[in-house]
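These notes are about the structure you will find just below.
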Amino acid sequence: MNTVLLQSLVNPNVNLTLVLPEMIVAVVGIIVMLYDCFAPNQRKVTGAMSLIGLLLSAFALFTLWSSGAGAAQPDWNGMIALDGLRLSFTVVFLLVSALTILVSTIWVERENVPVGEYHAMLMFATFGMMLMASGNDMVIIFLGLETLSIATYVMAGLRRTDLRSNESAMKYFILGSFASAFLLYGMALIYGATGSTNITEIAARVADPNFPALLLVGGAMLIVGFGFKAAAVPFHVWTPDVYEGAPTPVTAFMAAGPKASAFASFIRVFVLGFPLVAGVQAAEILHESWVKALVVMAILTMTVGNIAAIAQNNVKRMLAYSSIAHAGYALVGFIGAGMAETTAKRDEAIISVAFYMLTYAVTNLGAFAIVTLIGQKNDRRTEFEDYNGIGFRSPALAFALSLFMLSLLGLPLTAGFLGKVLVFRPAIEAGNTLLTVLVVAAVVNTAISAYYYLRLIVVMFFRERTTEWINPRIPASLAAVLLITVIGVLYLGIFGGGVIERFRSAPAPAAVTRAEK
């Protein structure tokens, strides 16, 4: 009996090393939660513990990356993948969470929120994001999504005495639950059509599904679920109100982390799970359907996000609509990956989306760090007029925020420029008229976005201040965030090739199209 138990524990299909980065984050989250129960007054300790946990997870990730263990095929009975898609996006998640903790230090001091609870939820949300990127099975992806969602619902409403924060959390919870139901129902229909929830097996069976109609309907429902998390139009309606009402550090986290995790799962399911199989009608119809749907969604997302951002007088709402537009830009690279003619081009397009999410995360978190500092308690100062004339009263903050706005715009020599070039290139190289129209729409929308990004710079440097300005105290943690993000924006814009090569060094995704076999 003991021998049987030992054999069940030592399962060759269960490689703990493969999930060590996720395990570290989850265990540290539990430790932070328990520590807060016994020492609730030690407010700074939980943040330090969380940062150490993220660093340990990053070390385990790069060790796994260098060893290439499990690269031949997914482990855990095919449910966990080790490939460039997972590894590159996990780097984004860990960086976003670490910077969010540093940005949050000034906020947790002045808002008197439950710090241990906040850091524990942040770690669990990070674990959920990592699980979504590593899942090679739709069950794992859904578990990661729900872990992430529940944690972010709590974080959005953590300012319990603020009605805006309560409203933000309630809207996010109701609409998020609705989107999760669509996603789960879509997964059930995909299972009914293919007989599997494993993405590699779905890719092999999509050419001959049991019920082709279920496959199409299931794919449509998955687009609804993932589109909600990515804040893509028309599933974006929650974004402005939730981003404005949530605490600014939480808004910064939601705008970068969950969005990137949605794209990681989106790509794995649609690009790797629903490949184009030449000469097979069912697969061709499915592929053509989701590509056309996402092209329309991308154009609407970019256009609605940019036009709505122009009309905003609140900086947080402006950045919220900006994040919607950037989801549209990322969709261009996503669609380019789906239309790639070869596996090599597909992998290059996936890397471009991961790099774009990295550049967006670094830029966005830097911008929100300054918004957190200027906003003061309960985010009182987040209107454009609150930034009038600060360019010469607090030049360091103004120049840093200007750099972030120019990067979001996509000015050359900034991270945003290289990120946009990379995500637009696969769509152009596809040689498809529809994708060419998509890229033209993306370039036009980039030009439109110049208005509201430059508007903030004009307000800071060319408008007179009508109220008294007191230079805010910049704590060491926030200064570190600004230093990291400013250097990151310039480094990724000028020397981003090194990061791209590092992403390329990861094992390629295992799923291939039937035509290439």
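What the table below lists for this structure:
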| item | result |
| --- | --- |
| Helix-only [θ]222 nm of the chain, DSSP H runs n ≥ 4, -39500 (n - 2.57) each, per residue, nearest 500 | -25500 deg cm²/dmol |
| With Cα atoms, 0 to 90° folded angle of helix 20-38 axis to the chain main axis | 50 |
| Candidate aspartates and glutamates for bridging to LYS44, where Cα separation is under 19 Å - those fewer than 8 sequence places away on the same chain excluded | ASP36, GLU109, GLU111, GLU117 |
| From phi via Karplus (6.51, -1.76, 1.60), per-residue ³J(HN,Hα) for the stretch 196-213 in Hz, x at Gly/Pro | 7, 9, 7, 5, 5, 6, 4, 4, 6, 9, 5, 6, 9, x, 5, 9, x, 5 |
| With Cα atoms, 0 to 90° folded angle of helix 43-67 axis to the chain main axis | 40 |
| Furthest towards positive pole of dipole, VAL421, ALA340, ASN314, structure part the stretch 311-452, Cβ charges | ASN314 |
| Listed candidates (i) 37, 37, 27; (ii) 59, 25, 24; (iii) 36, 28, 20 - label of the one calculated as semi-axes √(5λ) of the Cα gyration tensor in Å | (iii) |
| Amide H contacts of ILE80 (H built 1.01 Å from N, under 5 Å, at least 5 apart or other chain) | ASP75, ASN136 |
| By average C-beta atoms within 10 angstrom, highest first, the peptides 20-33, 443-456 | 20-33, 443-456 |
| Angle between the chain longest axis and helix 343-375 axis [Cα atoms, degrees, rounded to 10] | 20 |
| FRET efficiency for VAL139 and MET23, using Cβ-Cβ distance with R0 set to 25 Å, rounded to 0.05 | 0.85 |
| Cα-Cα over 28 Å, subset of LYS259/LYS316; LYS171/LYS420; LYS229/LYS316 | LYS171/LYS420 |
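Coordinate-derived values only; no laboratory data. Just so we're clear, the structure is a prediction, and the values are computed from it rather than from any experiment. Quick reminder, even Gly has a Cβ in these numbers, built from the backbone with ideal geometry, and neighbours come from all protein chains shown.
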